[in-house]
Amino acid sequence: MLESYKKVWAIGYAQALLHWDQETYMPVADAEFRGIASSYLTLISKELLLSLKPLVEKYAKREDLDDVQRGIIRVLERKLRYFENVPEEVIKQLSALLPVAQVEWRKAKAKNDFEAFRPYLERIVELERRVADAWGYEREPYDALLDLHEEGLTAREAEEIFSRLLPASSEILKREGFPRESELEKVEYRREDMERVNREVIRLIGFPEDKFRLDVSAHPFTVGLSPNDVRITTRYEGRDFKATLFSVIHEGGHALYDLNVDLKLSTTPVGKGASLGIHEGQSRFWENVIGRSWEFVELIMPILKRHLDFMANRTVEDVYYYFNTVRPSLIRVDADELTYNFHIAVRFHIERELISGNLSVREAPSRWEELYERYLRVRPKTYSEGILQDIHWSMGDFGYFPTYTLGNVVAAMGWKALPDLKERVASADFESIKTFFRERVWRWGAIYTPKELLRRAYGRAYDVDALIEYLRRKFLA
Ligand code: MG
């Protein structure tokens with residue numbers, strides 16, 4: 001069966017490379033043909049997968065399977081279930097609608113015109129509900145969409161996480177004394193200088209340079225082709241240098257995971273990360289737990305001073321507080337560690353209500369404002385800085401946002417379980433940190449469900465208390 005699966009894997013490999021190329025070097029004029037090529041590859045992949053069904057069914061009945069084999073069957077059964085249950089017609093309608101919706105979302109955001117995007121969003125919500133019904137759920141349709149993004153996650157569990165995390169975060173927010181802004185946010189840099197900084201930081205963390213690329217794209221991302229070829233991107237906005245640096249460290253965290261999945265699993269259905277939440281847990285560990293720590297700032301200070309002339313008279317303290325300003329704000333992607341999860345909670349509630357039908361798309365903007373007011377005491381003045389800010393819904397990604405908060409939870413679980421982290425970072429001992437994660441999380445690929453993997457690694461599934469403890473330790477120290 002694994003031999004036959006290699007064809008599916010090979011198409012996935014080609015698609016990942018096409019996707020990377022599309023976001024980095026493809027001439028814009030080719031978007032249409034690239035779209036056609038890519039959708040045919042998806043079709044071929046689906047046919048090949050469906051042809052594996054008799055084999056999957058045969059293996060699923062066997063009782064002598066080891067963990068790897070069971071994992072492979074589990075992952076394949078989920079893929080088959082999707083193609084078999086979700087009507088062809090719904091998939092077709094979505095794939096016709098979403099590219100248009102993305103264009104319309106972009107225009108609507110630029111013009112601050114929610115009404116222009118509303119009919120598209122209504123259509124998407126309708127189709128997502130049909131996907132949910134087809135996939136199946138126990139309690140509510142939104143559970144299905146969560147499960148599709150994070151295997152085994154339910155709305156109740158997500159609710160439980162937020163209901164503990166948000167009050168604790170509000171309490172910390174009231175008491176912390178971190179600065180609201182930093183003068184360094186406004187300082188401009190030369191792109192060549194930051195390219196050098198990024199390169200040196202990558203070298204410091206210790207990326208295998210023969211298996212790794214760093215390029216530039218509008219939205220930073222990671223593509224793992226194999227354990228020997230992982231590519232990340234960043235962007236250079238010309239000011240506020242932490243943005244490009246943290247993109248590199250964040251995507252670098254994703255890359256480390258992809259690079260360290262057990263070689264024996266490559267080309268199989270489990271030769272990849274366990275889930276979006278676990279993946280995000282790795283990237284946020286490197287970005288936030290390490291990258292925004294005092295010890296890390298100390299470590300990179302010489303690199304910053306070497307390449308950025310405006311850093312000459314800055315201290316470790318200046319940079320630490322620049323990396324860690326805390327301010328309730330309107331824009332998710334600019335949010336700090338402490339307020340970030342409120343942004344996700346807003347989206348979680350709205351998605352859940354839209355999918356259950358308790359909220360209409362028409363009412364969504366005012367619900368958005370109400371929730372921002374309640375959580376962060378800020379209120380958007382425009383749709384562009386409110387409900388139109390994220391691309392996700394225009395891409396049909398309902399159920400994706402909560403995995404960002406899960407990522408914060410998973411990162412904090414790593415923080416809690418890893419002894420002497422400060423000392424390791426202070427001495428640039430990143431190898432032992434990587435060994436820790438390689439053994440506990442990375443090498444297992446998708447053999448286990450996310451919850452099972454976390455239980456094996458840390459003794460518990462999503463442990464929100466670890467995140468609360470981490471935030472208290474950091475912001476109330
Ligand atoms: Mg990420």
Legend entry - Index of the failed condition, LEU50 passing every other in (1) touching a Phe, Trp or Tyr at 6+ places or on another chain (Cβ under 9 Å); (2) touching a residue at least 40 places away in the same chain (Cβ under 8 Å): (2)
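When you check PRO365 against the structure, is it on the phi < 0 side of the Ramachandran plot and either in contact (Cβ under 8 Å) with a residue 60 or more places away in the chain or out of contact with any helix residue (DSSP H, G or I) (no Cβ under 8 Å at 6 or more places or on another chain) (or both), yes or no? Please lay out each step first, then the result.
Values: on the phi < 0 side of the Ramachandran plot: yes; either in contact (Cβ under 8 Å) with a residue 60 or more places away in the chain or out of contact with any helix residue (DSSP H, G or I) (no Cβ under 8 Å at 6 or more places or on another chain) (or both): yes.
Considered against the rule, which asks whether it is on the phi < 0 side of the Ramachandran plot and either in contact (Cβ under 8 Å) with a residue 60 or more places away in the chain or out of contact with any helix residue (DSSP H, G or I) (no Cβ under 8 Å at 6 or more places or on another chain) (or both), PRO365 comes out as yes.
Suppose the filter is surrounded by fewer than 16 Cβ atoms within 10 Å (Cβ to Cβ) and either part of a loop (DSSP other than H, G, I, E, B) or touching a Phe, Trp or Tyr at 6+ places or on another chain (Cβ under 8 Å) (or both); does HIS219 pass it? So that I can check it myself, show each step before the final result.
Details: surrounded by fewer than 16 Cβ atoms within 10 Å (Cβ to Cβ): yes; either part of a loop (DSSP other than H, G, I, E, B) or touching a Phe, Trp or Tyr at 6+ places or on another chain (Cβ under 8 Å) (or both): yes.
Judged against the criteria, HIS219 is a match.
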Inset, instruction - Name, by its number, the condition in (1) exposed (fewer than 15 other Cβ atoms within 10 Å of the Cβ); (2) closer than 26 Å to LEU376 by Cβ that does not hold for LEU166. - result: (1)
Inset, instruction - Any chance you could count how many residues in segment 276-305 are more than 16 Å from the ligand (Cβ to nearest atom) and touching a residue at least 24 places away in the same chain (Cβ under 8 Å)? - result: 10
Legend entry - Filter result (closer than 21 Å to LYS451 by Cβ, in a helix (DSSP H, G or I) and of a type in the set (Asp, Glu)) within segment 127-178: ASP143, ASP147, GLU157, GLU159, GLU160
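Rundown of residues vs (1) open to solvent by 60 Å² or more (accessible area, probe 1.4 Å); (2) under 25 Å from GLN69 (Cα atoms), yes/no style:
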| residue | (1), (2) |
| --- | --- |
| ILE433 | no, no |
| GLY445 | no, yes |
| TYR448 | no, yes |
| ARG456 | yes, yes |
| ALA461 | no, yes |
| LEU467 | no, no |
| ARG472 | yes, no |
Inset, instruction - Restrict the check to segment 71-89 and report whether at least one residue is touching a residue at least 24 places away in the same chain (Cβ under 8 Å), part of a helix (DSSP H, G or I) and farther than 22 Å from VAL131 by Cβ. - result: yes
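From the list PHE207, PHE178, pick out the single residue that is more than 16 Å from the ligand (Cβ to nearest atom), under 26 Å from ASN408 (Cβ atoms), modelled with pLDDT under 95 and open to solvent by 10 Å² or more (accessible area, probe 1.4 Å). If you could, list the steps in order and put the result at the bottom.
Values: PHE178 fails: modelled with pLDDT under 95.
The match here is PHE207.
The values are calculated or read from the model by the stated rules, or taken from the named source; none is laboratory data. What you see is a predicted model, and the numbers here were worked out from it, not measured in a lab. Ideal geometry is used to build each Cβ from the backbone, glycine not excepted, and the neighbour counts take in all protein chains shown. Remember, those area values only see protein heavy atoms, side chains included, never the ligands or the DNA or RNA. Shrake-Rupley method; radii C 1.70, N 1.55, O 1.52, S 1.80 Å.
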